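These notes concern the structure reproduced below.
Nothing in this text is a laboratory measurement; each read-out follows from the coordinates by a stated rule. This is a predicted model, so every value here is computed, not measured. Glycine gets a Cβ as well: all are built from the backbone with ideal geometry, and neighbour counts include every protein chain shown.
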Amino acid sequence: MGDSDSSTTSEMAEIWQKLWSEILKRIPAKELGKCICVCKTWYSLILSPQFITSHTKFHRTHLNFLLRSFTKASLAENGVESYHFFSDSEEISGLFNKGSILPFKTGVGLNFRVVGCVNGVVFLADTQFGNKHTFYLWNPLIKKHIKLPKPRIVFDVVGPYMHVFGFGYDSKNQDLKVVRVSYIQLSSGLDEIPPKTEVYSVKLGVWRWVFADDVTTCIAEDIWSQCCLQGEV
């Protein structure tokens, strides 16, 4: 009897989860940020990668978007950044008409690099100068962010190296992922081939190794832009 009751409760919880998801995904992004304060269930649901993807698809339009870093000198001196978001939609642009100040600071007082944006989540990396390992996933619409843990390949462990990133959505596992490809410098001055590759999963909250034995040449530089398109970095 106990197992039956437990199963019924679990099924009902799953039904309510799907129902709330269908209702909440119809709410405009401007109002969605208020909903996360209603209860813990809505908070967890709205911040989940699955819901973010579902909400984005439901409201998807063929609009052009522009994310621009525009920081006053007085703020930049304290490592504070401000971003302005522009869109063909006046409603969306209106959310950021005064700019959106990052709720976190860079490690060296310079601006973050925007690596990519997926389903409304922006990946920012503080890697332009110095051996910093400050990475954030930031959703400016609902004003939430997470700080990624320190990766495994760092200067203190492997010495000189260069790295590039990819950021994308794993639709199979319904998970946002960051790919970091690092080329360690050998004593000869050449780069080690194949590179060391790490993948960060939002679901798991950790970096894990991925073998890249099929990479036979150095294909990237620190100063280059990079992207992740349809699963390829």
Exercise. Length gain on complete extension for the stretch THR8 to TRP42, per 0.36 nm per residue less the alpha carbon to alpha carbon distance?
Worked result: 10.1 nm
Problem set entry | Residues whose placed amide H lies under 5 Å from that of GLY116, excluding near-sequence neighbours | PHE123
For this session: Would you pull out the residues with amide H under 5 Å of LYS144's amide H, same chain only if 5 or more places away, H placed 1.01 Å from N?
Result: ASN139
For this session: Could you work out the Rg to Rh ratio of segment 136-184, with Rh taken as the Kirkwood radius (inverse of the mean 1/r over all Cα pairs)?
Result: 1.06
Problem set entry | Within segment 127-182, trypsin sites (Lys or Arg not before Pro) in DSSP loop having at most 11 other beta-carbon neighbours inside 10 Å | LYS143, LYS172
Exercise. According to a simple spin-label model (label point 7 Å from Cα along Cα-to-Cβ), what is the distance in nm between GLN50 and GLN174?
Worked result: 0.2 nm
Exercise. Given H placed 1.01 Å from N in the peptide plane, which residues other than close sequence neighbours of THR134 have an amide H under 5 Å from its amide H?
Worked result: ASP126
Problem set entry | In Hz, Karplus ³J(HN,Hα) per residue of segment 141-153 (6.51, -1.76, 1.60; θ = phi - 60°; x = Gly, Pro) | 5, 9, 6, 10, 8, 10, 9, 6, x, 5, x, 7, 8
For this session: Find how much the distance from PHE211 to ILE23 grows on full extension, using 0.36 nm per residue of separation minus their present alpha carbon separation; answer in nm with one decimal.
Result: 63.6 nm
